[in-house]
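In what follows, a structure is listed as structure tokens, so that the remarks can point back to it.
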Amino acid sequence: PYYAKPEFYPNSPADQVRLVIKIFYEYLAVLLLPFRITVLPPLYAPSISAGIWGEVVFVFLVLGGAVFSLIKFFKTNKLVPFCLLWFLATYLPVANISPLLNPFAFRFLYLPSIGFFILLALFCEWGFQQLKDKVSPNMVLIMKMTLVGLYVSLTLPNNKLFQNDIVA
């Protein structure tokens, strides 16, 4: 949806909160499932007209997990709080808490994704370390390669979207 009509701007504080939650959910979904990236119109805002209760629950679970991780790892593993704070410090200016003219663009994730992906790599490595005692080391390596291969194979077709200026 383009901003052809003023109704795309939030009309109330409740609409603004729903838009902030919807945008955060969409960003998290794209970070976890990068094959969902598409070419967006120049001025784009996701629709908040549909029910978003599942998205609200997911966002609050992620934020609760982030706060828990920040508290749990603050003294033991300095990399986790650093990455969480990096993500938040670089995401909050574009979080649409204060309404932006262009509320949603994938380019807003360039800097926040650094902290997010380091955390995701730490979490995956921790999970694979837990499996290392239960399965052979070769199986752990195969699982890592499968995970990377799956993401590459699912994301590679998106390159067709950005072939040149005319296509994009």
Quote to one decimal, in nm, the extra length available between W126 and Y151 on full extension: 0.36 nm per residue of separation minus the C-alpha distance between them.
-> 7.1 nm
Calculated from DSSP H runs of 4 or more alone, at -39500 (n - 2.57) each and per residue, what is the 222 nm mean residue ellipticity of the chain, nearest 500?
-> -19000 deg cm²/dmol
Mind ranking Y25, Y151 by accessible surface for me, highest first, 1.4 Å probe?
-> Y151, Y25
Mind listing the phi-derived Karplus ³J(HN,Hα) values for region 97-110, rounded to whole Hz, using 6.51, -1.76 and 1.60 with θ = phi - 60°, and x for any glycine or proline?
-> 5, 9, x, 9, 4, 10, x, 9, 7, 5, 5, 5, 8, 3
Per-residue accessible area, 1.4 Å probe, largest first, puts M139, M145 in the order M145, M139
Excluding residues on the same chain fewer than 8 positions from K78, give the lysines whose Cα lies under 17 Å from its Cα.
-> none
Tell me, what is the 1.4 Å probe accessible area of L141, in Å² to the nearest 10?
-> 90
What are the ³J(HN,Hα) values, in whole Hz, obtained from phi via the Karplus relation 6.51 cos²θ - 1.76 cosθ + 1.60 with θ = phi - 60°, for each residue of region 80-91 in sequence order, with x given for Gly and Pro?
-> 5, x, 4, 5, 4, 5, 4, 4, 5, 5, 8, 8
Heavy-atom accessible area of F58 with all protein chains present, probe 1.4 Å, nearest 10 Å²?
-> 70
In terms of Cα to Cα distance under 25 Å, which lysines are near enough to K134, apart from those fewer than 8 places away along the same chain?
-> K144
Sum up the charges of everything whose Cβ sits under 11 Å from the Cβ of P103, counting Lys and Arg as +1 and Asp and Glu as -1, but leave P103 out.
-> 0
Leaving ligands, DNA and RNA out of it, rank W53, W126 by accessible area with a 1.4 Å probe, largest first.
-> W53, W126
Solvent accessible area, Å² - D133, 1.4 Å probe, full protein context = 140
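The values are calculated or read from the model by the stated rules, or taken from the named source; none is laboratory data. For clarity, every value in this text was computed on a predicted model and none was experimentally measured. Backbone-built Cβ (ideal geometry, glycine too); neighbour counts: all protein chains shown. Heavy atoms of the whole protein, side chains included, go into the accessibility calculation; ligands, DNA and RNA do not. Shrake-Rupley method; radii C 1.70, N 1.55, O 1.52, S 1.80 Å.
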